[in-house]
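Undergrad: Following this message is one structure expressed as structure tokens.
Each value in this text was obtained by applying a stated rule to the coordinates, not by laboratory testing. Every value quoted in this text rests on a predicted model; they were computed, and no experiment measured them. All Cβ positions, even for glycine, are placed from backbone atoms using ideal geometry, and neighbour counts span all protein chains on display.
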Amino acid sequence: MKRGLKPTPVAIMANRMKPLARRHRIAHLCALIQQQPIRSSRREELMALLRHEMSAPPGKEVRAR
């Protein structure tokens, strides 16, 4: 059995959202951010994920069908 760092709940959620269209991922992240307390670490992680998603160049997406 491999031992290592467990993925954070935000990382797990990001993996689950990969099949969604980019605009839907952004909308979901915005909604999740609004639900979190202002100075929470989860909110900060979600905001970083949103910044990464928005800074990615738009283009052809590879999604699961």
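Undergrad: When you scan the range 1-44, how many residues do you find that are more than 12 Å from the chain's Cα centre (by Cα) and surrounded by 15 or more Cβ atoms within 10 Å (Cβ to Cβ)?
TA: Selection size over the range 1-44: 1.
Undergrad: Taking Met47 and the conditions (1) loosely packed, with under 11 Cβ neighbours inside 10 Å; (2) within 11 Å of the chain's Cα centre (by Cα), which numbered condition does it fall short on, given that it satisfies the others?
TA: The number of the failed condition is (1).
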